[in-house]
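Comments concern the structure below.
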Amino acid sequence: MRSALGAQARDIVALVLWQMIWIVGIGVLFGLAAALSGGRLLSAFLYGISPHDPLTFVAVPIVIVVVAAVACLVPARRASKVDPLTALRAG
């Protein structure tokens, strides 16, 4: 619909990626909070690392965000190539 209102393809891709950043960011924050609070409970199962290993708490969210961005880029690019007239008729 936004392309029918004059949005450029890069604007549509940016909009989809920005929405992804919000959703994944909230999930990463809740996940980090759960991992920090649950680390003590699981410390008996961790061998060779501490329950609050800084490398893990930095690397895992980065990997999650990169994978989510790549996963969202495909539908975002597809959405940017939809014909505006087709989008208006379908909506």
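The values are calculated or read from the model by the stated rules, or taken from the named source; none is laboratory data. These numbers were taken from a predicted model, which means no experiment stands behind them. For neighbour counting, all protein chains shown are included, and Cβ atoms are generated from backbone atoms with ideal geometry for every residue, glycine included.
So the values come out like this:
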read-out: Selection count, the stretch 20-62, where residues are part of a helix (DSSP H, G or I) and either touching a strand residue (DSSP E or B) at 6+ places or on another chain (Cβ under 8 Å) or hydroxyl-bearing (S, T, Y) (or both); value: 3
read-out: Given (1) outside any loop (DSSP other than H, G, I, E, B); (2) more than 22 Å from I26 (Cβ to Cβ); (3) free of Cβ contacts under 8 Å to residues at least 40 places away in the same chain, index of the condition V67 fails; value: (2)
read-out: Residues satisfying the stated conditions in the stretch 33-48, i.e. surrounded by fewer than 11 Cβ atoms within 10 Å (Cβ to Cβ) and either at pLDDT below 85 or basic (K, R) (or both); value: R40, L41, L42, A44, F45, Y47, G48
read-out: Top-ranked residue of the stretch 52-78 - restricted to ones that are of a type in the set (G, A, S) and touching a helix residue (DSSP H, G or I) at 6+ places or on another chain (Cβ under 6 Å), ranked as surrounded by the most Cβ atoms within 10 Å (Cβ to Cβ); value: A76
read-out: Meets criteria (in contact (Cβ under 8 Å) with a residue 40 or more places away in the chain, of a type in the set (A, V, I, L, M) and under 30 Å from P84 (Cα atoms)) for A9; value: yes
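Residue-by-condition table, conditions (1) surrounded by 13 or more Cβ atoms within 10 Å (Cβ to Cβ); (2) closer than 22 Å to A9 by Cβ; (3) not aliphatic (A, V, I, L, M):
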position	(1), (2), (3)
V24	yes, no, no
G31	yes, no, yes
S50	no, no, yes
L85	no, yes, no
